[in-house]
């Protein structure tokens, strides 16, 4: 869901050295493209780069030309990914056109700083950027707070605030006075950057380890939580952002002091311990706003028993209706049917379903999704 982490890592290294860099951002796509608007790549003068703006076909060409293209300031450049596009040698057969905003440190630094703060705080951010004219590269941010003290003559903050509140990215053209061209319609790109996804893995068992590794590879914020102190260790889970030892006997009453998943997070219970899973499940169900995804490893029969026990722990009647209502909120058994048998394959199936739910996707084969979309477009 995010490849921002390696970009920020390289950026911090370049900033510490006082080195120049170029940030490339996909701002528009025509036709088919591997990456969508909002994808970024950071380029260092020594040839290092982080992030991608295509499936690998454009990166070398962008790196080669970015430095002289940005000598006069930010610029939007057009790159084709078609096999036959004149004398340009970087076609890939994707058949699309990608427009990249290329900018250097003076305008990219405020953006990367804002992205870093939002990334670590796991908060959304909206950014409105001028893409052409003498104001190219100017931008405003909105992160849920008004800042009346800062001038905003171009009205960019209002655009960012609207994108933030709607949770969607967009582009528009506004009449902005340009000393060279007088008044013209100027291209504005407004990006909504969703908060970094998080996954709470309620297990420190061996089968949780591939799940944690894969989730971190996706760039997610990962918490491992378990009542077994000899298993819930940093040595066993070096990739996790946090490793917590839970006071299982004190749950669900003590839960707020020990874990606080966000409504946009995912959680999965896979301790293979009835007591642990039932107490963690009761704690999650007691939240005012539970995580967007709650998965339970194991058959539904066991999950129904866990829910009945959770009701008792919450001092509620363990009625069949209550159990079925709660069961409908869960992904139990957790994961997609991928024929998984090994711990790694099970982890893949769980993460695939989390990605589907958090990304509001269909989970269908892409060939079917594309066929359905084409059919609808032709009607």
Taking alpha-carbon centroids only, the stretch 206-236 lies from the stretch 28-67 a number of Å equal to 32 Å
Connecting every pair of Cα atoms under 10 Å apart in the chain and solving the GNM, the largest mean-square fluctuation among 313, 101, 338 falls on 338
The chain, Gaussian network, Cα under 10 Å: of 362, 52, 186, the residue fluctuating most is 362
PRE zone check, label point 7 Å out along Cα-to-Cβ of residue 327, amide N under 17 Å, scope the stretch 283-307, hits 294-307
With Cα springs under 10 Å, the Gaussian network model of the chain assigns the largest mean-square fluctuation among 155, 339, 219 to 339
On each of the three principal axes the extent of the alpha-carbon atoms of the stretch 201-246, given in whole Å and largest first, is 27, 17, 17
Across the alpha-carbon set of the chain, Rg over Rh with Rh taken as the Kirkwood radius works out to 1.03
In nm, the gap between the two label points placed 7 Å beyond Cα toward Cβ at residue 361 and residue 72 is 4.1 nm
Across all Cα atoms of the stretch 198-358, Rg and the largest Cα-Cα distance (Dmax), in Å, are 14.5, 43
Checked the stretch 248-323 against the a/c 1.5 cut and the a/b vs b/c comparison, axes a ≥ b ≥ c from its Cα gyration tensor; verdict rounded
In whole angstrom, the spacing between the Cα centers of the stretch 1-25 and the stretch 246-276 equals 35 Å
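We did not get these values from a lab; they are worked out from the coordinates using the rules stated. Computed from a predicted structure; not experimentally measured. All Cβ positions, even for glycine, are placed from backbone atoms using ideal geometry, and neighbour counts span all protein chains on display.
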